[in-house]
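Novice: I have a structure here, written as structure tokens, and I will follow up with some questions on it.
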Amino acid sequence: MPEDIMTTLNDTRPLPAQGTINTSPIALDEHLDGELDAIWAAVEPETRARGNDIHLPISLSFARRLCDAYPDADRTLVLVSTLLHDTGWAHVDEDKIISDGFRGDWRKADIRFQHEQEGCAVARRVLPPLGYDAEFVEAVCAIIDGHDTRAEAYSLEDALMRDADRLWRFDQAGIALASGWFGQDPSTYTDRLETEIIPELITEAAVAMATADLARSRSLLRTKVLR
């Protein structure tokens with residue numbers, strides 16, 4: 001990746017979009033072409049942990065939109081990495097996912113490093129039999145490893161996956177799940193999205209999507225009154 005883009009990714013955010021930014025509700029997206037169905041089938045057991053059957057499909061829809069806004073990115077790499085990034089939660093101590101992964105100094109919790117490592121193990125197990133070569137698999141693992149625990153994005157594809165992982169939180173389904181994980185009511189959680197999560201977003205497109213979704217979610221959930 002050119003040095004100027006890497007600098008923008010990590011120092012002078014947000015990264016300007018080159019394509020169309022879609023800020024409509026994510027529930028309007030439809031995916032009827034069977035894209036990535038073989039991978040979904042291979043990781044079905046992993047989708048049953050920690051709400052992944054909600055989190056991963058919504059994040060993947062945001063990833064598609066981000067790829068539309070950044071057509072220079074390797075679309076397949078972004079989408080596969082997004083689909084697989086949290087599958088490792090199915091292979092850690094379930095009793096510690098909430099107590100360690102979403103309480104206290106959760107960003108530095110051992111279980112977050114563990115779920116990244118386990119996610120890489122899932123990718124190395126399921127992708128080669130589906131025809132993905134070793135170089136692609138390791139590129140996926142380079143994104144999964146550190147997506148929660150590393151501050152810097154290593155590439156445009158890494159940045160888009162990170163933003164997709166955060167964008168799902170702004171949708172009503174994401175708020176319903178994640179506010180419970182953090183032990184917060186929706187008004188407190190949406191305040192956190194505005195003050196803490198939007199500043200973490202790397203791309204202009206993600207900021208626009210998050211801002212629009214947050215406004216809709218706050219209106220729907222009546223967070224001005226229910227606080």
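The values are calculated or read from the model by the stated rules, or taken from the named source; none is laboratory data. Not measured: the values here are computed from a predicted model. Cβ sites come from the backbone with ideal geometry, for glycine too, and all protein chains shown count toward neighbours. Accessible surface is based on the protein model in full, side chains and every heavy atom, while ligands, DNA and RNA are left aside. Shrake-Rupley method; radii C 1.70, N 1.55, O 1.52, S 1.80 Å.
Novice: Which of these, Ala208, Ala151, Ala159, has the largest mean-square fluctuation under a Gaussian network model of the chain (Cα springs below 10 Å)?
Specialist: Comparing Ala208, Ala151, Ala159 in a Gaussian network model of the chain, the most mobile one is Ala151.
Novice: Still on this structure: Are there cysteines in the chain with no second cysteine's Cβ under 4.7 Å away, and if so, which?
Specialist: So, Cys67.
Novice: Something else about it: Looking at Ala17, Ser217, Pro128, which one has the Cα that reaches farthest to the positive end of the dipole of the chain (charges on Cβ: Lys, Arg +1; Asp, Glu -1)?
Specialist: My answer, from the dipole projection, is Ser217.
Novice: If you don't mind, another one. Just want to confirm a number: the relative contact order over the chain, from Cα pairs under 8 angstrom separated by 6+ residues, in percent. Display every interim value, and only then the final one.
Specialist: Values: 306 pairs, mean separation 63.4, N = 227.
Relative contact order comes out at 28 percent.
Novice: To continue, here is another question. Could you compute Rg(Cα) / (2.2 N^0.38 Å) for segment 131-227, with N its residue count? Write out the running numbers ahead of the final one.
Specialist: On the way: Rg = 15.4 Å, N = 97, 2.2 N^0.38 = 12.5 Å.
So segment 131-227 has a normalised radius of gyration of 1.23.
Novice: Carbon-plus-sulfur fraction of the accessible area of the chain, 1.4 Å probe, in percent? Could the numbers behind the result be given before it?
Specialist: Working: 5370 of 10310 Å².
Looking at the chain in its full context, I get 52 percent from C and S.
Novice: If contacts are Cα pairs under 8 angstrom and at least 6 residues apart, what is the relative contact order of segment 116-160 in percent?
Specialist: Working: 27 pairs, mean separation 18.7, N = 45.
Relative contact order for segment 116-160 comes out at 42 percent.
Novice: Something else about it: Helix-only estimate, please: 222 nm mean residue ellipticity of the chain, summing -39500 (n - 2.57) across DSSP H runs of length 4 or more and dividing by its residues, to the nearest 500.
Specialist: Details: 11 runs with 125 residues, N = 227.
Computed mean residue ellipticity for the chain: -17000 deg cm²/dmol.
Novice: Quick one: divide the alpha-carbon radius of gyration of segment 1-87 by 2.2 N^0.38 Å and tell me what you get. Intermediate values should be presented prior to the final figure.
Specialist: On the way: Rg = 14.6 Å, N = 87, 2.2 N^0.38 = 12.0 Å.
Working it through for segment 1-87, the quotient is 1.22.
Novice: Also, I was wondering about something else. Could you point to the residue in Leu60, Leu36, Val140 farthest towards the positive end of the chain's charge dipole, with +1 and -1 charges on the Cβ of Lys/Arg and Asp/Glu respectively?
Specialist: Leu60
Novice: Quick one: Debye curve from the C-alpha atoms of the chain, no solvent, what's log10 I(q)/I(0) at q = 0.10, 0.16 Å⁻¹?
Specialist: For the requested q values the scattering log ratios are -0.42, -1.17.
Novice: Mind putting a number on the dipole of the chain about its Cα centre? Charges go on the C-beta only, +1 for Lys and Arg and -1 for Asp and Glu, and I need it in Debye to the nearest 20.
Specialist: Numbers: 23 positive and 41 negative charges, 209 e Å.
It comes to approximately 1000 debye.
Novice: Amide H of Leu15: which non-local residues (sequence gap of 5 or more, or other chain) have their own amide H closer than 5 Å, using H built in the peptide plane?
Specialist: So Leu15 has HN proximity to Thr203, Glu204.
Novice: A further question follows. Using the Cα centre of segment 109-170 as the reference point, and only Cβ charges (+1 on K/R, -1 on D/E), how large is the resulting charge dipole? Debye, rounded to the nearest 20. The partial results should precede the final answer.
Specialist: Numbers: 7 positive and 13 negative charges, 48 e Å.
Roughly 240 debye for segment 109-170.
Novice: Turning to a different aspect of this structure: Taking the chain as a Gaussian network, where each spring joins two C-alpha atoms under 10 Å apart, which residue of Asp37, Asp163, Asp11 fluctuates the most?
Specialist: Result: Asp37 has the largest fluctuation of those listed.
Novice: A further question follows. Among Gly51, Gly34, Gly174, determine the one that fluctuates most according to a GNM of the chain built with springs between C-alpha atoms less than 10 Å apart.
Specialist: Most flexible of the set in this elastic network: Gly34.
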